[in-house]
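Structure, as structure tokens:
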Amino acid sequence: MIAAAGLLLLVPLAGCAHIASLNIEQHQGNYSQVMPFLFNQTTEHVLVFPTSDSIYPYRVKAWSSGAKLASPVLVVVRQEREVISWQVPFVVDTTMKEGVVHFHNTSRTLCHNDMPRIAKAKATSRILPIQLSQNFIIALSTSSLVNVDISVMVEEERDFYLQEGRPYEVSVSPSESKYYYYKFHDKKNTSAMIEINSDDDVCLTVSIQDSFCPVLDLDKDITYEGKYQTINRKGGMTIRQREFPDGFFLVFVAKADNYQCSQKHSVLLVEHRKQHLILANRTSTITFTINKGINGKEYEIASLATLGALLSFCIVSTIMIFAFTRWGTISKFRPSGDELDADWKEPPEPPITRELKHELLSRQALTVNLLARAPEKDKRRSYNYLWHILSIAIFYSIPVVQLVITYQRVVNRTGDQDMCYYNFLCANPAFGLSDFNHIFSNVGYIIVGILFLGVVLHRQTKIPNSSTGIPVHYGVYYAMGIALIIEGILSACYHICPSQSNYQFDTSFMYVMAVLCMIKLYQNRHPDVNATAYATFTVLGMAIFLAMIGILNGSLTVWIVFVVIYSLLCAYISFKIYFISFVFDGFKQLKQSLKSSNKVEAIAPIRKSRFALLVIANIINYAMLITGLCLYNTGVTDFGTFLLGLLMGNSVLYAVFYTGMKLVNGERICFEAIIYGLLAIAAWATATVYFLDNATLWTVTPAESRQWNQECIVMSFYDKHDVWHLLSAPALYLTFMFLLSLDDDLVDTKREEITVF
């Protein structure tokens, strides 16, 4: 074996004509002992180590103070099944102009010769029922003309075999990577959770590789095998036993600079976050622990408990519906005999004449009967929202599902865990999905959405279209229920692989629900002049497009364009509300008034309360706009979340305004609406607490996002964002029920007596 090693080592030097003769000196290698050498290109040292029966692999350390980059010392280690080599000083590529950095202290762990047999053994301990042996030779050579020094030491890696629950501390650098081995011992334990922490900002790559040699433990090749992720201060991985039945290697490699951890992929890169990419000390001290993950039974318990809780909520909600229907406010409703039956045909709608417009614009107080002259037409327009949202949902969801499934397949095949922004400390994989719990927790939206559709259908059978009360347009309510279901589906799709590129999947139908709530409230008192489904979804499409542009490129130009468009939209909607949708006629009437009467009287608003409320609403909108700009500029939020907050803020504002105006106009809030409203406020307050506590942040790099990761808090299965999903679904249902029952006190009131506001 020694002769073969000598021939192997001589082959690379055979073509070097400038070397007159090469003196090969053979030495007996000693474990755990420093072996210094001083030599030049005329000498090669071969260290032959005695056969070892140790279960632990050996680590080779080599360091030099005089070796130069132009003529380094080559370290070649020959084992029975593989050869590894490196040079001193050790060269690592960087992203800086300097190109590379070099290190004079190096070390590598040798993969155990009998690693396949150790992995197949039932236990990993000092005594195995198999005979082990390790043989290796180290050769040292250089092309330096002058003498250079090098020291070598070989010692056992005593902490190589990891144990559950035990904390480990390890130091790594770009030239001194380390790896360890973990084996699943408990057949009932189907997964392992690795939690990694560091107190410094050195960028690391952590890799999980299968239990066979060679181990890829260099920065240039670590991403070629297994699963990997970048970390600086915190990281985590959940590994399933079925993926690595014979155990796995846990590999740590430090990078030469911090580009991949601090700047690459970062969206919110502001000045105070910029830092020097190459730190003076590239050695990182890491602490990590491997704990048992949850097993299949715990998956079942968590899933069934979730479904049971949601089913209980549905049962209680159904009981409330039937109780309110029988004994509540709407139980007093008695059909007046002039309801619109199936065979009823609406007479032709009277044309809106100039005189009628003038009368509507001149009135200080309007009643609903003046704006509910075509009930059948309004009903058809209402159902347009349902058909539109169904069409949009189908054609929007199909490519979304296709895209995120492709993302998941790429993650599974490449092992690149920097693609998706999971909460790695609470990401429980199942069914080929990396983060099953965050997907499953969206089931609440789907269940309560179906429940709300059933409630609307039940209510429609009890209170059909009538000539009294607020005109009930059930099409918008059905659209709200569909939007709630699709939000659950798209949110689940987003959480298959959360990232910047698909964030809009999670928010698009939130925009839709916020706008539908405002549309429904406005439709209650303005059925004839309410926005059509075509106009509504066109504006929503523009909003989603702007959100996409803002997420991908939140530059100053995008913000200026958004502010201009939003200001114009606020002005147009304000005029449309004030002039009851007859904007041009309203301005014509104002122009005529300026010519024919006192200018002060002409400019004075006819409907002063409506004008004052619109002014207040615009002031609040601009306050929200300025606040959002400040938060975005400081890196607190992103454009998509800001736009969602703007729309939801307007929904809440309009709901508060509508409820307040009912009280101002002598109407009452029925106890059903009070109950649903209070429950909704309580649910939203609780859910918001969990929403504000982020576990991930896709606006920064994957490594920085992991600093936000948190452990599971419910049944070792759900984290705080899952709790937000599970609480916000009932909160949305209760909000919709509040809107549905808000005007139940008027169910028997003649429309001539219902005020428009």
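The values are calculated or read from the model by the stated rules, or taken from the named source; none is laboratory data. It should be emphasised that the depicted structure is a prediction, and the values quoted were computed from it without experimental measurement. Don't worry about glycine lacking a Cβ; one is built from the backbone with ideal geometry, like all the others, and counts go over all protein chains shown.
So the values come out like this:
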quantity	calculated
Any hit, segment 621-640, residues being at pLDDT 85 or above, loosely packed, with under 13 Cβ neighbours inside 10 Å, in the same structural domain as PHE657 (by TED's automatic domain parsing) and within 21 Å of SER574 (Cβ to Cβ)	yes
Number of positions in segment 199-235 that are surrounded by fewer than 21 Cβ atoms within 10 Å (Cβ to Cβ), touching a Leu at 6+ places or on another chain (Cβ under 7 Å) and not in a loop (DSSP other than H, G, I, E, B)	1
Condition met for ALA655 (small (Gly, Ala, Ser), under 24 Å from GLY308 (Cβ atoms), modelled with pLDDT of 90 or more and surrounded by fewer than 22 Cβ atoms within 10 Å (Cβ to Cβ))	no
Residues (in contact with a Lys or Arg (Cβ under 7 Å, 6 or more places away or on another chain) and over 14 Å from ASP418 (Cβ atoms)) located in segment 708-723	GLN710, ILE713
Out of SER191, SER175, SER144, sole residue that is touching a Ser or Thr at 6+ places or on another chain (Cβ under 7 Å), of a type in the set (Gly, Ala, Ser) and farther than 21 Å from VAL101 by Cβ	SER191
Subset of segment 135-186 that is in contact with a Lys or Arg (Cβ under 6 Å, 6 or more places away or on another chain), among the aliphatic types (A, V, I, L, M) and surrounded by fewer than 22 Cβ atoms within 10 Å (Cβ to Cβ) - its residue that is farthest from HIS27 (Cα to Cα)	VAL170
Among (1) surrounded by fewer than 22 Cβ atoms within 10 Å (Cβ to Cβ); (2) more than 25 Å from ALA365 (Cα to Cα) - the single one CYS670 does not satisfy	(2)
Check on PHE436, in contact with a His (Cβ under 7 Å, 6 or more places away or on another chain) and surrounded by fewer than 22 Cβ atoms within 10 Å (Cβ to Cβ)	no
Residue match in segment 253-274 (condition: outside any strand (DSSP E or B) and modelled with pLDDT of 90 or more)	yes
Out of LEU546, LEU516, sole residue that is surrounded by fewer than 22 Cβ atoms within 10 Å (Cβ to Cβ), in contact with a helix residue (DSSP H, G or I) (Cβ under 9 Å, 6 or more places away or on another chain) and not acidic (Asp, Glu)	LEU546
Qualifying residue in segment 11-22 (condition: over 14 Å from THR142 (Cα atoms), at pLDDT 95 or above and not in a loop (DSSP other than H, G, I, E, B))	no
Lone qualifier among VAL539, VAL529, VAL558, VAL563 - being more than 36 Å from the chain's Cα centre (by Cα) and β-branched (Val, Ile, Thr)	VAL529
Positions within segment 498-534 being of a type in the set (D, E, K, R), in a helix (DSSP H, G or I) and in contact (Cβ under 8 Å) with a residue 40 or more places away in the chain, in sequence order	LYS520, ARG525
Any hit, segment 175-184, residues being polar (S, T, N, Q), assigned to a strand (DSSP E or B) and under 18 Å from LYS61 (Cβ atoms)	no
